[in-house]
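Chemist: If you scroll down you'll find the structure; I have some questions about it.
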Amino acid sequence: MAADTAYRQHVSNCAACTLDAPGPACRDGARLYESFSTLQAGYLNQLNRK
């Protein structure tokens, strides 16, 4: 949840990024989005194993 919150806070202050994807030239947005995506994928994979 912290990764999602961090990305949403970034999006609210960054004109290049959207909730669906980071802006092409925004390194901070790309880093935050990647972190969220990786954690989300791990969580969903864990749910599928149960």
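The values are calculated or read from the model by the stated rules, or taken from the named source; none is laboratory data. Model, not experiment: these values are computed from the prediction. Cβ coordinates were reconstructed from backbone atoms using ideal geometry, including for glycine residues, and neighbour counts include every protein chain displayed. The accessibility values were calculated without ligands, DNA or RNA, using every heavy atom of the protein model including side chains. Shrake-Rupley method; radii C 1.70, N 1.55, O 1.52, S 1.80 Å.
Chemist: Classify the chain: rounded, prolate or oblate, from the alpha-carbon gyration tensor (a ≥ b ≥ c, eigenvalue square roots; a/c under 1.5 rounded; otherwise prolate if a/b is larger than b/c)?
Modeler: It comes out prolate by the Cα gyration axes.
Chemist: What does the charge count around Y7 come to, taking other residues whose C-beta lies under 14 Å from its C-beta (Lys +1, Arg +1, Asp -1, Glu -1)?
Modeler: -1
Chemist: While we're on this one: Per the 1.4 Å probe, what fraction of the accessible area of the chain, in percent, lies on carbon and sulfur atoms?
Modeler: About 54 percent, which is the carbon plus sulfur part of the accessible surface.
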